[in-house]
Amino acid sequence: MTLASFLPGALGFGTAPLGNMFRAIPDEEAAATVEAAWDRGIRYFDTAPFYGAGLSEIRLGEVLAQHPRDAFVLSTKVGRLVLDEIEDPAARDLGEKGGLFEHGRPNRMVNDYSADATLRSVEDSLKRLRTDRLDIVWVHDVAQDFYGDEWLAAYETARTGAFRVLQRLREEGVIKAWGLGVNRVEPLELTLDLDEPKPDAFLLAGRYTLLDHDRALQRLLPAAAAQGVDIVVGGPYSSGILAGGTHFEYQKAPAAVVDRVERIKAVAARHGVGIKAAALQFSLAHPATVAAIPGATKPSRIAEDVAALGETVPGAFWDDLRAEGLVARNAPVPTA
């Protein structure tokens with residue numbers, strides 16, 4: 001089943017920030033943000049056990065439990081189990097993402113992509129989310145940014161464990177779709193070359209954005225489109241740097257990235273284009289992409305995202321970006 005056949009629109013809500021990413025968010029603010037997304041018509045919500053050691057799932061579930069289950073699409077992830085034991089969140093080894101959820105719950109997390117752990121992870125997520133079913137399940141972070149040189153070993157465990165379990169759950173009708181949710185293109189390219197199991201879609205965070213898209217354009221997106229594997233774009237604002245923030249790749253943005261963003265903003269200003277509108281619409285313009293799921297921690301951000309999706313961006317803006325080498329010449333762009 002293609003995601004496009006059941007996703008309720010091109011704009012979803014990525015709830016990583018609700019796990020207290022970067023800062024401690026009051027419960028009331030988190031709930032109000034989810035409610036704002038609902039009120040603005042967003043009906044696809046993505047989360048993960050990793051986000052605050054279950055905090056994002058708990059917060060999302062509390063709000064969504066107040067709405068009919070058939071009225072929204074829900075995805076979460078497998079690959080990490082949240083235990084009852086306690087640890088120091090700031091001391092976790094998260095590869096390149098150190099300290100990302102240091103304000104989250106202190107429950108110990110363990111990485112496990114085996115078949116048994118996958119089934120347990122799904123059951124645990126259902127409880128935290130207060131629901132009886134999941135629509136999409138992503139295999140989370142089997143990539144270099146978390147595992148370094150060991151990423152292929154983690155990937156192989158997932159291939160023979162999580163991948164096959166999720167394919168079976170899809171075939172049994174327990175879930176509608178499955179795939180990988182990662183921040184790197186290589187695991188996805190590898191998966192497209194497999195004879196089995198075959199995913200329905202990928203969640204690719206940060207690698208198909210206005211700021212960073214060259215590598216994904218080379219092989220991944222054309223191959224995914226050819227195989228009918230849909231792409232959900234995570235992090236369309238490149239961790240916030242394209243939306244007025246200071247983070248890129250979940251860390252403080254380096255000078256070269258800041259400079260490139262300033263150049264994009266200068267072109268946007270000449271054409272009266274909002275940088276959020278340009279970023280969001282660019283990520284959705286490729287035939288392989290079916291949705292984008294920006295994150296938010298304030299209700300006002302949701303309103304900005306909805307407005308950005310509907311903003312008219314003139315073709316001359318894209319022409320200028322190409323002329324200045326700020327967008328790849330072979331990248332599809334929106335048509336006004």
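Key figures for this structure:
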| quantity | calculated |
| --- | --- |
| Thr76 vs. criteria modelled with pLDDT of 95 or more and open to solvent by 10 Å² or more (accessible area, probe 1.4 Å) | no |
| Residue in segment 7-16 that is within 26 Å of Arg168 (Cα to Cα) and open to solvent by 30 Å² or more (accessible area, probe 1.4 Å) present | yes |
| Segment 213-259, residues that are among the basic types (Lys, Arg) and either modelled with pLDDT of 95 or more or part of a loop (DSSP other than H, G, I, E, B) (or both) | Arg215, Arg219 |
| Residues within segment 1-16 that are touching a helix residue (DSSP H, G or I) at 6+ places or on another chain (Cβ under 8 Å) and in a helix (DSSP H, G or I), tallied | 1 |
| Residue satisfying all of: in segment 320-329; touching a helix residue (DSSP H, G or I) at 6+ places or on another chain (Cβ under 6 Å) and over 13 Å from Ala279 (Cβ atoms); least open to solvent (accessible area, probe 1.4 Å) among these | Ala328 |
| Selection status of Gln227, under 24 Å from Ile293 (Cα atoms), touching a residue at least 24 places away in the same chain (Cβ under 8 Å), of a type in the set (S, T, N, Q) and surrounded by fewer than 24 Cβ atoms within 10 Å (Cβ to Cβ) | yes |
| Leading residue by the ranking (surrounded by the fewest Cβ atoms within 10 Å (Cβ to Cβ)) among those in segment 260-274 that are touching a residue at least 40 places away in the same chain (Cβ under 8 Å) and part of a helix (DSSP H, G or I) | Arg270 |
| Among (1) farther than 30 Å from Val258 by Cα; (2) assigned to a loop (DSSP other than H, G, I, E, B) - the single one Arg184 does not satisfy | (1) |
| Filter pass, Ile42 being touching a Leu at 6+ places or on another chain (Cβ under 8 Å), in a loop (DSSP other than H, G, I, E, B), more than 18 Å from Ala307 (Cβ to Cβ) and open to solvent by less than 50 Å² (accessible area, probe 1.4 Å) | no |
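Condition check ((1) part of a helix (DSSP H, G or I); (2) open to solvent by 50 Å² or more (accessible area, probe 1.4 Å)) across all residues:
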site	(1), (2)
Lys276	yes, no
Leu280	yes, no
Ser283	yes, no
His286	no, no
Val290	no, no
Ile302	yes, no
Ala307	yes, yes
Thr312	no, yes
Trp318	yes, no
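The values are calculated or read from the model by the stated rules, or taken from the named source; none is laboratory data. Note that this is a predicted model, so its numbers are computed, not measured. Cβ sites come from the backbone with ideal geometry, for glycine too, and all protein chains shown count toward neighbours. Only protein heavy atoms, including side chains, enter the accessible area calculation; ligands, DNA and RNA are left aside. Shrake-Rupley method; radii C 1.70, N 1.55, O 1.52, S 1.80 Å.
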